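Notes follow the structure.
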Amino acid sequence: MRRRKLFCEGEKRKKPMIKYSGSDADYGLAEPLDGLISDNDLKLKKDSFLKQLVEVNAEELEYNTREQSLSNDWHNERKKRLTASNFGEICKMRKNTSCRTKVYNLLYKPNTTCKQTTYGIQMEPLARAHFEKLYNMHV
């Protein structure tokens, strides 16, 4: 107490009261993308990519990726799309958030699992069997 009085003259230090309430209206690009690719090449690649997304047979894709976490196709297709899981992160980006890092993480970051997800995957067959028995139907 005595030392505090010597250096702070009895006043308490105040922390800055900065509150973040959501995303910025327009965060823009954190770092310029000049010189990486020409505008014409970028437009061609963008159009080609969007054409691939539109041409996907949704029913076939759903059938091929039924076991989601066990399916490489599911992981690959998920990386190409803005999912509900990623939408909030993108909407809440700030001016100082690196767009390059965000895109890199969305495209190349390895899939992480937690114990709750692992538990859910392990218990799903038991839950399905219990549901089928309880409601007398095949799932």
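The values are calculated or read from the model by the stated rules, or taken from the named source; none is laboratory data. Keep in mind it's a predicted model, so treat the numbers as computed, not measured. Every residue, glycine as well, gets a Cβ built from its backbone with ideal geometry; the counts of neighbours run over all protein chains shown. Side chains are part of the model used for accessible areas, which takes the heavy atoms of the whole protein and leaves out ligands, DNA and RNA. Shrake-Rupley method; radii C 1.70, N 1.55, O 1.52, S 1.80 Å.
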Quick check: anything in segment 98-111 open to solvent by less than 80 Å² (accessible area, probe 1.4 Å), of a type in the set (Lys, Arg) and in contact with a Leu (Cβ under 7 Å, 6 or more places away or on another chain)? no
Test for residue 101: is it hydroxyl-bearing (Ser, Thr, Tyr) and free of Cβ contacts under 8 Å to residues at least 60 places away in the same chain: yes
Restricted to segment 50-76, and to residues that are part of a loop (DSSP other than H, G, I, E, B) and of a type in the set (Asp, Glu), which residue is farthest from residue 113 (Cα to Cα)? 55
In segment 39-48, is there at least one residue being under 16 Å from the mean Cα position of the chain (by Cα) and open to solvent by 80 Å² or more (accessible area, probe 1.4 Å)? no
